[in-house]
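Data first, discussion second: the structure below is written as structure tokens.
The values are calculated or read from the model by the stated rules, or taken from the named source; none is laboratory data. What you see is a predicted model; the values in this text were computed from it and never measured. Neighbour counts are summed over all protein chains in view; Cβ atoms, including those assigned to glycine, are modelled from backbone coordinates with ideal geometry.
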Amino acid sequence: MKRYLMGIDLGTSGTKAALYDTGGRLIAEASQEVALYYPRPGVVEQETEDFYTSAAATIRQCLVTSGIDPREVAAIAFDSQMAGIGSVNEDFRPATRFDSWLDMRCQPYIDALDRDHGDRITELTGCPPTCDHGPKILWWKEEQPEAYRRITKFVVPAGYVAGRLAGLKGEQAFIDHTFIHFSALSDARRGAWSDELCGLLGVDQSKLARIVAPWDVIGQVTEAAARDSGLAPGTLIAAGAGDTAAGALGAGVVRPGMVLDTAGTAAVLAGCTDQFTPDVANRALLSMRSVVPGLWNPLAYIAGGGLALRWFRDQFYNNLRGQPQTAAGDLYDEMTAAAQAIPPGADGLFFSPHLGGRICPAEPAMRGAWVGFSWGHTQAHFFRAVLESVAYEYALYLNILRELIPDLKLVEARVIGGGARSAGWNQIKADVLGVPYQPLQRSEFATWGSAMIAGAAAGIFTDLAETAMRTTAAQGQPVQPRAEHAAVYQQAVDQYHRWQDNLGQTFRSLIPTLTQ
């Protein structure tokens, strides 16, 4: 019996590999930075091959550190950033640089799709037009026709690295079904490419990778890849998943009514349902297919939710106190403790966390703002308003989800990421949302989610939902919502959302002035 599994998370700026035993215990982990390139304003690219070399290096480091025999690794799987797109030629080598989700060259194509086909794209894919595969593919087709002709298939990082390890040819390229809501080209319910959308967008389906399930075995580690990575030749390779989907699985968000809060640089809130519910009316929720069959993860996010906390700390707390900007943990605790002494609603002070534009619903012109402060507001009020703003945004997402699925009962929010360690912030979010907040014992979730997928591919796990619930334990008791704050926060949420609507209109009207 092979006793180990590997999961590798291919992030935007770094790769993390982790080795687990089949009981879910972390044996070894390693990470390596991956470069982002900015050739000119608005352009953000990566070298697709860097995903492979960083994965090979971190896999090898895990094996060396652990001292295990590589032949005891049963299978391996990858998850990756989801909205960017790369490409391969017929030999499965990069045909172009990887077009990052941070790259906005495709904005005119997003606008055109939103104007001409926005409702239909949302209905079929579960995701409104945004900076993802479809608009990027159109940019390459229209703006770089020579490069477009060289492309055999468009691929995501997880599919590229797995394909390189397996020695695939370009025509064998694949994409797993957790990514396809981000394509603008899929029929999400069927888990297939949409003839209708491909026709409307003018995209050649022959350049789209075949769609597979996350646990499908796409090949085995070749002799050449074994030399690069230290893995044993013949090790099974699973298709893998998107990073958010892998994180939800790793966190055990696998039952309808559960919620995942990723309290990281981006603040992501993902529900779990057994229904596909495209949000055509609001264009806020993105309906992602779960790794677990029959489940969906409707989600939305603030691009810089957690980043707003760090920005406030560095600009308005560290600087004022004359402290070095490296004492992050203690300072956050001190700031949150001060904020907890402020009443719910921050005495009428509101903050907009969209310092770089609002993602869901899309308002690119939005920026940060405070409103309602007076002589009596203190530094602690301002920080409490920052913490509450993320909870107010989450309340919008859950209100939309309840409208789409009126009988959905929300039972628990599981919180991961750096912000999960803040009991004070968890309490604020529990109070605003009316949902118990449960921190978890693990520190890594996407890599464990990928490792579980590898285990399913190897036949070690037959029920991914049961495995996830069994192997991801709670960290203490859940933070319960406090009934005495419900009325205050309901009023604050209503006021916040009316203000946000007005703020979006204000920033849209100011664009010509601000850019002169």
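Looking only at the stretch 28-50, residues that are out of contact with any Gly (no Cβ under 6 Å at 6 or more places or on another chain) and within 12 Å of ALA17 (Cβ to Cβ) come to 4 in all.
For every residue, the table says whether it meets (1) in contact (Cβ under 8 Å) with a residue 12 or more places away in the chain; (2) touching a strand residue (DSSP E or B) at 6+ places or on another chain (Cβ under 7 Å); (3) under 20 Å from ARG25 (Cβ atoms).
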residue	(1), (2), (3)
GLU466	no, no, yes
THR472	yes, yes, yes
PRO481	yes, no, no
ALA486	yes, no, no
VAL493	yes, no, no
HIS497	yes, no, no
GLN500	yes, yes, no
LEU503	yes, yes, no
THR506	no, no, no
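The selection criterion, being part of a helix (DSSP H, G or I) and in contact with a helix residue (DSSP H, G or I) (Cβ under 7 Å, 6 or more places away or on another chain), does not hold for TYR20. If we scan the stretch 397-415, do we find a residue that is without any contact (Cβ under 8 Å) to a residue 24 or more places away in the chain, more than 24 Å from GLY250 (Cβ to Cβ) and part of a loop (DSSP other than H, G, I, E, B)? Yes: the stretch 397-415 contains one or more residues that are without any contact (Cβ under 8 Å) to a residue 24 or more places away in the chain, more than 24 Å from GLY250 (Cβ to Cβ) and part of a loop (DSSP other than H, G, I, E, B).
Please tell me if TYR38 is out of contact with any Cys (no Cβ under 6 Å at 6 or more places or on another chain) and surrounded by fewer than 24 Cβ atoms within 10 Å (Cβ to Cβ). Against the criterion (out of contact with any Cys (no Cβ under 6 Å at 6 or more places or on another chain) and surrounded by fewer than 24 Cβ atoms within 10 Å (Cβ to Cβ)), TYR38 qualifies. Checked against the criterion of being modelled with pLDDT of 95 or more and surrounded by fewer than 18 Cβ atoms within 10 Å (Cβ to Cβ), the candidates THR467, THR447, THR462 yield just one match: THR462.
If we only count helices (runs of 4 or more DSSP H) wholly inside the stretch 98-175, which ones have 1 or more residues that are at pLDDT below 95, farther than 30 Å from ALA300 by Cβ and touching a helix residue (DSSP H, G or I) at 6+ places or on another chain (Cβ under 9 Å)? Walk me through how you get there before you give the answer.
Numbers: elements: 107-125, 133-143, 145-150, 157-166.
By residue number, no helices (runs of 4 or more DSSP H) qualify.
Could we say that PHE461 is in a loop (DSSP other than H, G, I, E, B) and not assigned by TED's automatic domain parsing to the domain that holds ALA284 here? Steps first, please.
Details: in a loop (DSSP other than H, G, I, E, B): yes; not assigned by TED's automatic domain parsing to the domain that holds ALA284: yes.
Yes, satisfied.
Taken across the stretch 417-437, residues that are in contact with a Lys or Arg (Cβ under 9 Å, 6 or more places away or on another chain), polar (S, T, N, Q) and within 18 Å of GLY247 (Cβ to Cβ) do not occur at all. Is it the case that GLN46 is within 28 Å of PRO129 (Cβ to Cβ), polar (S, T, N, Q) and at pLDDT 95 or above? Yes: the conditions hold for GLN46. If you scan the stretch 360-413, which residues turn out to be surrounded by fewer than 18 Cβ atoms within 10 Å (Cβ to Cβ) and basic (Lys, Arg)? Residues satisfying the conditions are ARG367, ARG402, LYS409.
In the stretch 502-516, the qualifying residues are those that are of a type outside the set (S, T, N, Q) and surrounded by 11 or more Cβ atoms within 10 Å (Cβ to Cβ), and the one that is modelled with the highest pLDDT is LEU503. Yes or no: the stretch 242-249 includes at least one residue that is in contact with a strand residue (DSSP E or B) (Cβ under 6 Å, 6 or more places away or on another chain), of a type in the set (Val, Ile, Thr) and either closer than 30 Å to ALA303 by Cβ or assigned by TED's automatic domain parsing to the domain that holds THR22 (or both). So far as the stretch 242-249 goes, no, none of its residues is in contact with a strand residue (DSSP E or B) (Cβ under 6 Å, 6 or more places away or on another chain), of a type in the set (Val, Ile, Thr) and either closer than 30 Å to ALA303 by Cβ or assigned by TED's automatic domain parsing to the domain that holds THR22 (or both).
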